[in-house]
Each structure stands twice: as C-alpha cells, then as structure tokens.
Amino acid sequence: MRRPFVCGNWKLNHNLEESCAALLEIVSTLPKDSKVECAVAPVVTLLSLACELTNASPLGIAAQNVFYEKKGAFTGEWSVAHLLELGCSYSVVGHSERRALFGETNQVVARKVQACLAGGLIPIACFGEKLEQREAGLFKSVVESQVDFILDVVDPDHIAQLILAYEPIWAIGTGKTATAEQAQEVHGLVRQLLIKKFGQEAANLVRVIYGGSANADNAATLMAQNDIDGLLVGGASLKPSSFCAIVEAAVPV
Ligand code: PGA
C-alpha cells in the first residue's frame, strides 16, 4: 500500500509574514499521526525559516527547484546538498512552468532527478501534455517520452524514493481539472512503464501523484483512482484550511 502524498506548490506567492502564518496554521491543524505524507513548497528564500517552523511536525518542506551540479560557477543556483542542510526533504523538478518559461528540457529534468536521488532528496518529478497534444490524441506518446527520460536515470536501488507528478498543462491554474478517469488513464500508463522497467514489485512502491486544479472538492474523487497516490496542489494550497481539507480527503478509506 502506497502512503498518499500531498504537496502544496506555493509558486511565487506568499511573502515572509504570509508564509509563516500559513505554515503555523497548517502545522497546528494537521493530525500528528497523519496517514498522509504532506509537504509544502514555499519560495526558495523562505525555505530555511519554513524548515525551522515545521521541524518535528508532520509537514515536510519541498523546494520548487534544484540544480543538478554539486558546486561551481553556476550563479543563481542551489544544490541538493544546500536543500538537505536546511532540512528540506523534497524538491519539485521539471514543473511545466520551469519547462516552458525557463527552458528546462527532458535532459535537464532527468539530470535533476538523478542528482536528487543520488543525494538523498526526494524528487517530485513533473510531466504532462499541452492542450494541443491532448486534442491531437498525442498525450500518451508525450507522457511516455517525458517519463522515459526520467526513468532512464533512476537507479533501481532508489526507485522507492521517486515521486512522479502528472500535471496536464491545460489543467494547471485553469480550474479545468482532468476528470478522475482521464487522470487514471495516464497514471495507469505510467504504472505500466514502471513495471516494464523495474518490475511489478518496485513499480508498486512508486507514488504517482496528480496536479492541475486539484482542490478540496475533487480531491477524494481523484484519490479514489487505483493509480493516483497523491496530489500536487497550486492555487488551492495557498489557504491553510483548503490545503488541510485536501490532506484530509487524501486519507485512505
Ligand atoms: P494548480 O497548480 O493547482 O493551481 O492548478 C498545480 C501546479 O502547478 O502544481
């Protein structure tokens, strides 16, 4: 049985005061023995403080991005080790906004995933098709290719630490969630890719989470699907009460 994972992606939202208030409210609301593994990803400048405020709570902290090199002349970047020394447990990798706005290719995303796994940081590796690709019936081949790039760099010893996040681009920030059936179709395909590459037993360990206008109203329906193991939540994670309601909806029944 895979433990559900819910991560709030705050993107470029919440200043210092707002982030602290939200973190404290989430920590005080979440049950200490939560059956759901959960995390939020604040802006990078607030990661250190976020780790301190949530220390010894069930809420983990994720970075929204990380670089694959360990050190050197890479102005503006930070490494896996930098995130680990703050107390971060996860990093989002290859979010569609990074791919579209900051030129991250499948190769770059794969190197970042590889660096995370090698260093002991859990990557939340994102992939998903554009609206045109879905409408043209190409979504399966697009997803398969994006996931193949990621799986190709995963050492079988680290497979259980990998989190994959299916985020159809047309559903992100649009209020247009994929239906539970549309999402399950892709998650099922990803599970097959995992089985093909790592075998059934290993594939059963990997959490494949869904993102794209997930909220407190649709969370339970999405989570009821066989291969949806959690949620990556943008807009609806900004309000602590809404984030906590989503975590609650993800508790296995
Ligand atoms: P959204 O964003 O929930 O606001 O659609 C999800 C994401 O981009 O991770």
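The values are calculated or read from the model by the stated rules, or taken from the named source; none is laboratory data. Computed from a predicted structure; not experimentally measured. As a convention, Cβ positions derive from the backbone with ideal geometry for all residues, glycine included, and neighbour counts pool all protein chains shown.
Checking each residue in segment 71-110 for being part of a loop (DSSP other than H, G, I, E, B) and without any contact (Cβ under 8 Å) to a residue 24 or more places away in the chain picks out 71, 72, 73, 74, 75, 76, 77, 102, 103, 104, 105. Criterion applied to 19, 34, 48 was being at pLDDT below 95 and either out of contact with any helix residue (DSSP H, G or I) (no Cβ under 7 Å at 6 or more places or on another chain) or at negative phi (or both), and the one residue passing it is 34.
Looking only at segment 6-44, filter to residues that are assigned to a loop (DSSP other than H, G, I, E, B) and in contact (Cβ under 8 Å) with a residue 40 or more places away in the chain; which one of those is surrounded by the fewest Cβ atoms within 10 Å (Cβ to Cβ)?
Result: 35.
Each row is one residue, and each column tells you yes or no for (1) farther than 20 Å from residue 165 by Cβ; (2) among the small types (Gly, Ala, Ser).
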{"position": "28", "(1), (2)": "yes, yes"}
{"position": "31", "(1), (2)": "yes, no"}
{"position": "36", "(1), (2)": "no, no"}
{"position": "48", "(1), (2)": "yes, yes"}
{"position": "53", "(1), (2)": "yes, no"}
{"position": "59", "(1), (2)": "no, no"}
{"position": "69", "(1), (2)": "yes, no"}
{"position": "99", "(1), (2)": "no, no"}
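In the set (1) part of a loop (DSSP other than H, G, I, E, B); (2) crowded, with 16+ Cβ neighbours inside 10 Å; (3) more than 16 Å from the ligand (Cβ to nearest atom), the condition left unmet by residue 197 is number (1).
Kindly establish whether residue 210 is within 15 Å of the ligand (Cβ to nearest atom), of a type in the set (Ser, Thr, Tyr) and within 25 Å of residue 57 (Cα to Cα).
Yes: the conditions hold for residue 210.
Annotation: residue 63 fulfils all but one of (1) modelled with pLDDT under 95; (2) buried (at least 20 other Cβ atoms within 10 Å of the Cβ); the unmet one is (1). Candidates are the residues of segment 154-183 that are surrounded by fewer than 18 Cβ atoms within 10 Å (Cβ to Cβ) and not in a helix (DSSP H, G or I); the one that is farthest from the ligand (Cβ to nearest atom) is 155.
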